[in-house]
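Report on one structure; see the data block that follows.
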Amino acid sequence: GEDVEQSLFLSVREGDSSVINCTYTDSSSTYLYWYKQEPGAGLQLLTYIFSNMDMKQDQRLTVLLNKKDKHLSLRIADTQTGDSAIYFCAEAMNSGYSTLTFGKGTMLLVSP
Amino acid sequence: DGGITQSPKYLFRKEGQNVTLSCEQNLNHDAMYWYRQDPGQGLRLIYYSQIVNDFQKGDIAEGYSVSREKKESFPLTVTSAQKNPTAFYLCASSIESRGGDQYFGAGTRLSVL
């Protein structure tokens, strides 16, 4: 079955880098996603990586994918207090139409 | 502006009552989804629809119903059969061919009186 796991909580200081980790179990996943949820709001797509890539960088965000270990990480450089939110990892199962399987989310708390 | 609108933001349900949550999108997306979010549980898929007049059950469809009569609209009814309806409900949409790039509404928080 499909299962996406994340650590529940991460606390960093403003200006530090944050690394949020995710493991998934389905090797047939084709796209892997990171979403951000601020309190009381919906989810916002941050970035995604295709399964044939190892790394993707987008401004302060870097996504690393280790297919052998089924491990995905999101690095946020120069973390700001506005980055405090819940971050969800999600996987899509195939190259055509697909629903997403979400992890339970990692709460990132950034202190000044 | 293009986006997804959910209403109401807060909703209260009495015992034995059916309530309907609204979801409208003007992104011209083919696919729409309903998720339930409980604290510490992540998102669980209730129903999804790839095209007008067609929808499929997700992981936790029992006690819920949907319709997709128009491309723009995908309302969710929480029926009296759903014994634990208190949760945050999120609607999303996507271009069918890329089901993973989902755009979310701001959510409806449902509580039981």
In whole percent, how big is the carbon plus sulfur part of the accessible area of the stretch B:66-113, probe 1.4 Å, protein atoms only? 51
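Taking each residue in A:40-50, count the Cβ atoms of any other chain within 10 Å of its Cβ, then average. What number comes out?
Values: counts 5, 6, 15, 10, 2, 7, 0, 0, 3, 0, 0.
If you average over the peptide's residues, the count of other-chain Cβ atoms is 4.
Got the relative contact order for chain A handy, in percent, Cα pairs under 8 Å and 6 or more residues apart? Before the final figure, lay out the partial values.
Numbers: 285 pairs, mean separation 42.3, N = 112.
With pairs under 8 Å counted, the relative contact order is 38 percent.
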Over 22 Å (Cα to Cα) - which of B:Lys14/B:Lys83; A:Lys70/A:Lys104; B:Lys9/B:Lys57; A:Lys36/B:Lys9; B:Lys14/B:Lys71 fall in this group: B:Lys9/B:Lys57; B:Lys14/B:Lys71
Which one of B:Ile4, B:Thr20, B:Gly40 has its Cα pushed farthest toward the positive end of the charge dipole of the protein assembly as shown, where Lys and Arg give +1 and Asp and Glu give -1 at the Cβ? B:Thr20
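Percent of alpha carbon pairs in chain B separated by more than 24 Å? All intermediate terms of the calculation are to be shown ahead of the outcome.
Numbers: 1095 of 6328 pairs.
Counting every Cα pair in chain B, those more than 24 Å apart make up 17 percent.
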Residue-level accessible surface for B:Ile60, protein heavy atoms, 1.4 Å, Å²: 40
The answer for the longest stretch of chain B without any exposed GluC sites (Glu not before Pro) (DSSP loop, at most 14 further Cβ atoms within 10 Å) is B:16-61
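Using a cut-off of 10 Å between beta-carbons, work out the net charge of the residues near B:Ser80 (Lys and Arg +1, Asp and Glu -1, B:Ser80 not included).
Taking every Cβ under 10 Å from that of B:Ser80, the sum is +2.
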How large is the Kirkwood hydrodynamic radius of chain A, counting all unique pairs of alpha carbons, in Å? 14.1
Amide proton proximity set for B:Tyr47, modelled H, under 5 Å, gap of 5+: B:Trp34, B:Gly58
Under the √(5λ) rule applied to the eigenvalues of the Cα gyration tensor, what semi-axes describe the equivalent ellipsoid of the stretch A:47-100? Give them in Å, descending. 23, 14, 10
Residue among A:Thr101, A:Gln57, A:Ser27 farthest towards the positive dipole end of chain A, charges placed on Cβ: A:Gln57
Interface residues in the stretch B:66-113 - accessible area drops by 50 Å² or more relative to the isolated chain, probe 1.4 Å: B:Arg98, B:Gly100, B:Phe104
Taking the stretch A:10-75, how much of its Cα-Cα pair set, in percent, is spaced more than 19 angstrom apart? 36
Each residue of the stretch A:36-45 in turn: what ³J(HN,Hα) in whole Hz from Karplus with 6.51, -1.76, 1.60 and θ = phi - 60°, glycine and Pro shown as x? 10, 10, 8, x, x, 10, x, 8, 10, 5
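Using the Cα gyration tensor of the stretch B:1-61, with a ≥ b ≥ c the square roots of its eigenvalues, what is the shape: rounded (a/c below 1.5), prolate (a/b larger than b/c) or oblate (neither)?
Numbers: a/c = 1.57, a/b = 1.31, b/c = 1.20.
Since a/c reaches 1.5 and a/b is larger than b/c, the shape of the stretch B:1-61 is classed as prolate.
Taking every pair of alpha-carbon atoms in the protein assembly as shown, give the share separated by more than 23 Å as a whole percent.
Numbers: 12073 of 25200 pairs.
Here the long-distance tail beyond 23 Å is 48 percent of all Cα pairs in the protein assembly as shown.
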Relative to the compact globular guide of 2.2 N^0.38 Å, what is the alpha carbon radius of gyration of the stretch B:37-101, as a ratio? 1.15
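The values are calculated or read from the model by the stated rules, or taken from the named source; none is laboratory data. Since the model is a prediction, treat every value here as computed from it, not as a measurement. Because the Cβ atoms are built from the backbone with ideal geometry, glycine has one as well, and the counts that use them run over all protein chains shown. Just so you know, the surface numbers come from the protein's heavy atoms only, side chains and all, with ligands and any DNA or RNA stripped out. Shrake-Rupley method; radii C 1.70, N 1.55, O 1.52, S 1.80 Å.
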